[in-house]
1. When only C-alpha pairs under 8 Å and at least 6 residues apart count, what is the relative contact order of the range 1-79, in percent?
2. Determine ³J(HN,Hα), in whole Hz, for all residues of the range 93-98 in sequence, where each value follows from phi through the Karplus function 6.51 cos²θ - 1.76 cosθ + 1.60 and θ = phi - 60°; x replaces Gly and Pro.
3. As a test, work out the antiparallel percent of DSSP beta bridges whose residues both lie in the range 29-133, rounded to the nearest 5.
4. Please state the charge dipole magnitude for the chain, taken about the Cα centre, from unit charges on C-beta atoms (+1 on K and R, -1 on D and E), reported in debye and rounded to the nearest 20.
5. Rounded, prolate or oblate: which fits the range 9-160 when a ≥ b ≥ c are the square roots of the eigenvalues of the alpha-carbon gyration tensor, with rounded for a/c under 1.5 and prolate only if a/b beats b/c?
6. In terms of the Cα gyration tensor, with a ≥ b ≥ c the square roots of its eigenvalues, is the range 98-143 rounded because a/c is under 1.5, prolate because a/b exceeds b/c, or oblate?
7. Run through the DSSP bridge list for the chain and note the antiparallel percent, rounded to the nearest 5.
8. Got a number for carbon plus sulfur as a percent of the range 31-128's accessible area, 1.4 Å probe?
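The values are calculated or read from the model by the stated rules, or taken from the named source; none is laboratory data. From a predicted model like this one, the values you see are computed outputs, not experimental measurements. Neighbour counts are summed over all protein chains in view; Cβ atoms, including those assigned to glycine, are modelled from backbone coordinates with ideal geometry. Note: areas computed on protein heavy atoms with side chains; ligands, DNA, RNA excluded. Shrake-Rupley method; radii C 1.70, N 1.55, O 1.52, S 1.80 Å.
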Amino acid sequence: MNASYLSEKFSQAFPYVAYLATGTPEQQRRWNQVYDAANLTTAQLQLLSGFSRSMKVLILSGIWCGDCVQQCPMLEKIAESRPGLIDLRLLDRDANRDLTEQLRINGGDRVPVAIFMAEDFEFCSTFGDRTLNRYRAIARAQLGASCPIGISAPPADELAATLQDWLNEFERIQLMLRLSARLRKKYGD
């Protein structure tokens, strides 16, 4: 996945609201329910206010996917906190098989998967399909083969823990970009 390929994929991706509009009214309701329940704390907003490097975040998703329902709205909340600095877009997994094939997890086409990039689309990291706290919550609930369907928002403590997991990854990438010799030379810092 070189910068040219990632730039092309990013240009084909939808901003959050446009991506959400591709879903059925029921799918939109589910995504909006989690979006409304996910709130960044004062400490999290303070952390995000210290971000100084621009980053691109491309999410491979499925509007129908319960894990996407319960996580992607959180990613939008993080991106909204730093407009112009965190540029988040979403792509449908099934419509982008070329990218999906490169992002398989444990032999499967899992979603959501985030691709974190520098401002110039240089690859930094992938993260997904679930955070550690999300896996812990699912394991506590079932330890079975069924997939959560996102009918309702997760409990507040699970939502907060999963949001923090994602925020930790955004912070890790921001520090990677901030400490990058290439970008420090470019910006003289």
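1. Taking the mean separation of contacting Cα pairs over the length of the range 1-79, I get 43 percent.
2. These are the phi-based 3J(HN,Hα) values: 4, 6, 8, 10, 4, 4 Hz.
3. 65
4. For this selection, approximately 400 debye.
5. rounded
6. It is oblate, given that a/c is not under 1.5 and a/b is not larger than b/c.
7. Restricted to the chain, the bridges split so that about 65 percent are antiparallel.
8. 46
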